[in-house]
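Working notes for the structure below.
The values are calculated or read from the model by the stated rules, or taken from the named source; none is laboratory data. Just so it is clear, the model here is predicted, and its values are computed rather than measured. A quick note on method: Cβ atoms are made from the backbone with ideal geometry, for glycine too, and the neighbour counts reach across all protein chains shown.
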Amino acid sequence: MSIINGVSRRYLLKSGAVMGGALAMPYAFSRSAAAQSGTQTVNFQTSWLIGGNQLGEIVAKHLGYFEEEKLDLVITPGGPNIDGVAMVASGQALVGQTSSSPSIMLARSQNIPISCFAVCGQKHPYSYFSLPSNPVRTPADMVGKRIGIQIAGGQVLLNSILRANGIPEDDIEVVPIGFDFVPLISGQVDAISGWATSIRSLKALGPDYITMGLWENGVRLYALPYYATTETLETKAEMLAAFLRASARGWGYAYENPEKSVELMIAQYPDMGFDLANEIETAKVQLSYVFNERTKELGWGTMDPIIWQEQIKQQADLKQFTGAAPTVEMISTDAILKATEAVRPKLG
């Protein structure tokens with residue numbers, strides 16, 4: 001097994017492909033620290049390519065919100081061959097963002113010292129899609145059906161929703177698929193997994209496709225959680241707070257100005273091949289997962305220890321942890337959220 005800075009490739013393949021009032025650590029916050037030391041660079045490691053998942057950060061950088069915090073934000077894109085957790089754990093990036101919250105839990109179970117300090121996606125958009133001619137509206141409708149999934153990660157999520165709804169795994173047929181929806185269109189499967197934010201790909205299913213989400217059916221995962229090492233959380237708490245303040249303002253601007261925000265993103269990344277109309281439509285769907293009734297009350301980026309505990313139990317029940325199951329206090333801290341409470345927009 002090859003190891004990158006103590007993080008195994010097995011961990012990456014297992015958790016990276018698809019994928020609260022927690023203990024408040026005694027971190028000291030000094031707003032004047034950043035100003036006294038001048039501008040500091042923040043390397044922000046994402047889990048995938050640059051795009052709408054970073055819309056708030058892209059907007060915040062363009063509008064000068066990071067500059068106001070004395071930060072120079074450098075967004076480093078991820079991809080299938082980049083282990084973001086390893087980059088953060090080794091100190092090559094200060095802040096990381098992974099696609100799904102289980103990645104953080106799995107890392108902590110392997111004694112990788114990272115912790116989540118805020119959540120962008122309040123509910124995960126991973127879903128199962130079907131057509132009106134053969135609808136799968138509830139987990140019970142999966143019984144006897146052919147379900148198309150990406151095996152790396154997709155099997156665990158499928159097992160999670162089946163277990164949460166009391167359905168034996170043998171009651172469905174699993175069909176390995178790639179990352180498009182052709183198997184559903186061609187009739188090879190009855191339902192297919194994917195992200196509800198994949199608007200361009202979903203258009204191939206027509207306007208009346210049916211969505212059955214994980215979140216609404218007993219598997220409440222977070223999407224796009226922000227994380228850092230425990231050492232960074234202890235020694236650079238104000239820097240993380242400055243990062244979160246700027247990001248929060250950027251996401252608030254995006255919520256209120258989605259069209260303009262997408263235009264800013266495309267202008268800053270002209271070589272990514274973004275289509276304006278598609279990205280605007282995608283952004284509006286994405287923002288519906290970022291802001292909801294909970295953020296309206298508690299502010300953007302909030303997270304709930306009860307939901308974290310649910311996730312830990314589900315992963316433990318499925319025997320996903322190679323080491324001991326982590327605690328809520330190990331995988332999350334609300335210290336940075338508390339320090340930025342006055343700035344994080346209460347929208348939803």
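Test Tyr269 against the stated conditions and say whether it is at pLDDT 95 or above, in contact with a Cys (Cβ under 9 Å, 6 or more places away or on another chain), surrounded by fewer than 22 Cβ atoms within 10 Å (Cβ to Cβ) and among the aromatic types (Phe, Trp, Tyr). Before the answer, list the steps.
Details: at pLDDT 95 or above: yes; in contact with a Cys (Cβ under 9 Å, 6 or more places away or on another chain): no; surrounded by fewer than 22 Cβ atoms within 10 Å (Cβ to Cβ): yes; among the aromatic types (Phe, Trp, Tyr): yes.
In short, no.
When every residue of the stretch 42-56 is checked against the conditions, at least one turns out to be closer than 18 Å to Tyr222 by Cα, part of a loop (DSSP other than H, G, I, E, B), at pLDDT below 95 and not polar (S, T, N, Q). Filter the stretch 308-348 down to the residues that are basic (Lys, Arg) and assigned to a helix (DSSP H, G or I), then identify the one that is nearest to Tyr226 (Cα to Cα). Within the stretch 308-348, the match that is nearest to Tyr226 (Cα to Cα) is Lys338.
If only one of Leu240, Leu276, Leu244 is aliphatic (A, V, I, L, M), modelled with pLDDT of 95 or more, surrounded by fewer than 22 Cβ atoms within 10 Å (Cβ to Cβ) and touching a helix residue (DSSP H, G or I) at 6+ places or on another chain (Cβ under 7 Å), which one is it? Talk me through it step by step, then tell me what you get.
On the way: Leu240 fails: surrounded by fewer than 22 Cβ atoms within 10 Å (Cβ to Cβ); Leu244 fails: surrounded by fewer than 22 Cβ atoms within 10 Å (Cβ to Cβ).
The match here is Leu276.
Picking from residues in the stretch 157-182 that are crowded, with 21+ Cβ neighbours inside 10 Å and assigned to a helix (DSSP H, G or I), the one that is nearest to the chain's Cα centre (by Cα) is Leu157.
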